[in-house]
1. Rounded, prolate or oblate: which fits segment 1-107, taking a ≥ b ≥ c as square roots of the Cα gyration tensor eigenvalues, rounded meaning a/c under 1.5, else prolate when a/b beats b/c?
2. Sum up the charges of everything whose Cβ sits under 15 Å from the Cβ of Thr376, counting Lys and Arg as +1 and Asp and Glu as -1, but leave Thr376 out.
3. Under a Cβ-only charge scheme (Lys and Arg +1, Asp and Glu -1), can you give me the dipole magnitude of segment 367-544 about the Cα centre, in debye to the nearest 20?
4. Just want the answer: with Cβ charges of +1 for Lys and Arg and -1 for Asp and Glu, which residue in Val96, Ile490, His199 is farthest toward the dipole's positive end in the chain?
5. For segment 188-204, take each phi angle, set θ = phi - 60°, evaluate the Karplus expression 6.51 cos²θ - 1.76 cosθ + 1.60, and give the result in whole Hz per residue in order, putting x for glycine and proline.
6. Just the accessible area per residue of segment 223-327, please: how many Å² with a 1.4 Å probe?
7. Could you give the dipole magnitude of segment 194-363 about its Cα centre, charging the beta-carbon of Lys and Arg +1 and that of Asp and Glu -1, in debye to the nearest 20?
8. At what distance in angstrom do the alpha carbon centres of segment 302-339 and segment 223-296 lie from each other?
Amino acid sequence: GSLQMYVDALPQMAKIRGYGFQRGQAVPINLTIGMYQKTWKFHRDLPATPVFVYGQCPDSATFPGPTIMARHDVPLFVRWENHLPASHILPWDPTVPTAIPKNGGVPTVVHLHGSAHPPQSDGSAFAWFTAGFAEKGPAWTQATYRYPNVQPPGNLWYHDHALGLTRANLLAGLLGAYVIEKPEVDTPMDLPCDDDDLHLVIADRSFNVDGSLYMNSTGVAPNIHPQWAPEYFGEAITVNGKAWPFLVVHRRRYRLRILNASNARYFNVSLSNGLPIHVVGSDASYLSAPVTVSNLLLSPAEIFDVVVDFSQSPTAEVELLNSAPYPFPTGAAPGPLNGKVMKFVVQPNGPLDPPDNSTVPDHEVPYASVTALPPTTMTRYIVMYEYLTPTGQSTHLYINGLRLEDPVTETPKSGTTELWQVINLTGDNHPLHIHLGMFQAVKMQQLVNLQAFTDCMTAVNDAVKCNVDQHAVGPVVPVPDHEKTWKNVIKVPPGFVTSVVIAFKLVDTNQTYPFDTTAEPGYVYHCHVNATSNATCPSYWVNFFF
Ligand code: C2O
């Protein structure tokens, strides 16, 4: 049977301030955040679900974890502690490259997604650790991570990144939101604030009747990987840890920070009564000016920061709908369950309601646009391959034909800007995530004679030798205006060359990073479907050092 929709109120995660105060000045602090097993009520009528979640103590740990509110230019130190039990609550496949501790325990490591920080604080997949740091991966260097928060204000998130277990650890609940605030930039915009500034962390999950999380543990290519499946799609849509919740709103503007924390599902969200969505930012940066849209496509790990003016609502109830096929874009259309996300119940304003002084600001954020950058110093070709069995089952996903375990391939220099020509030879759209750098797509052009190009690439693995310029002559699809800012995830369409400009520097100041980017273990870039597929999509990651 299926669960009744809109019976649980949308909760907000607790906020943790990521800085202290001394004589009126924001100053660095140390936090300790643990990972705990507990149970979580995803729905009124569903038995409590065993989960792995983040919190400052077991009682306060939530699905998603607490929202960390950091301050621009004020470093935050976080000691991440693993308090998880000896065995996992979900199946995982040891035939893909995976952290396997000798004495049991659940390997974990935390990545602050979208952040500019030293490599030792990046949460390398090989820097995993088990409870009490009893066992550690080969790249482990330190228990306390340093987040300098030197980049522009914006929305980030933190999540698990352990080798081969990322998908299972995220499914279990190891994820949370993180915001960098910069009052000089944020405050003059007069965006909706306090109770009108909300997070919507969307994640699809399937449940067994006993309430436990369901994850298919039959591999798509069982002779090669007995349990690994490259994608996970859940039937229930949860927001902030509740399945299809409702939220009572007043007739005023709300700021909604929408994060798609799903493993593989894309969401194309819209409001059922046609209310416009005013996009003010995406991922870790504001747009140069707001863009009004009727629907928003979010890949896994993508964030949009939007304003919705419920005073304009023509109806008393508004559903947030999803129309994205899964897998995207060629899969099945969503049905009556996964086609709905949540419901807003619009209340008439009462006489005691404070006036709404917020705006959809006509702000200027000069650093948001790529045109402000000096010319790129380096062009690289980044090719996504999917390897299939003769019967068409996916067995490996590689970038440039290489595995995560292979040696470092890219060595960009801090302070420079590069052009990456990202060529997607798979059948699906992929969310490309590059650690440390901030980037934006500037052009998407379809490849012609794709089969010939793919055959050549599979044989030669060299875009220039395979005459990429003679194939990249198909139609150009414009990059949507609401994605023209410094992103940390971009959607790479199948059969296209997507031109991506990456700034390996601080885009608002043009400064190099104030930390050593050349140290071990370096950084990675990867397809973010890995984060939740049945393994880490292990080979979609290539290390690179600066
Ligand atoms: Cu959001 Cu390498 O991950």
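The values are calculated or read from the model by the stated rules, or taken from the named source; none is laboratory data. Computed from a prediction, not measured in an experiment: that's the story for all the values here. Positions of Cβ are generated from backbone atoms using ideal geometry, with glycine treated the same way; all protein chains shown enter the neighbour counts. To get the accessible areas, we keep the full protein, side chains included, count just its heavy atoms, and leave off ligands, DNA and RNA. Shrake-Rupley method; radii C 1.70, N 1.55, O 1.52, S 1.80 Å.
1. Values: a/c = 2.76, a/b = 1.29, b/c = 2.14.
Oblate, because a/c is 1.5 or more while a/b does not exceed b/c.
2. +2
3. Details: 9 positive and 14 negative charges, 55 e Å.
Taking the Cα centre of segment 367-544 as origin, the dipole is about 260 debye.
4. So the residue furthest toward the plus end is Val96.
5. x, 6, 6, 6, x, 10, 6, 5, 9, 10, 10, 9, 10, 9, 9, 8, 8
6. Working: 2720 Å² over 105 residues.
For segment 223-327, the solvent-accessible area averages 26 Å² per residue.
7. Working: 10 positive and 17 negative charges, 63 e Å.
Magnitude of the dipole: close to 300 debye.
8. So the separation of the two Cα centres works out to 7 Å.
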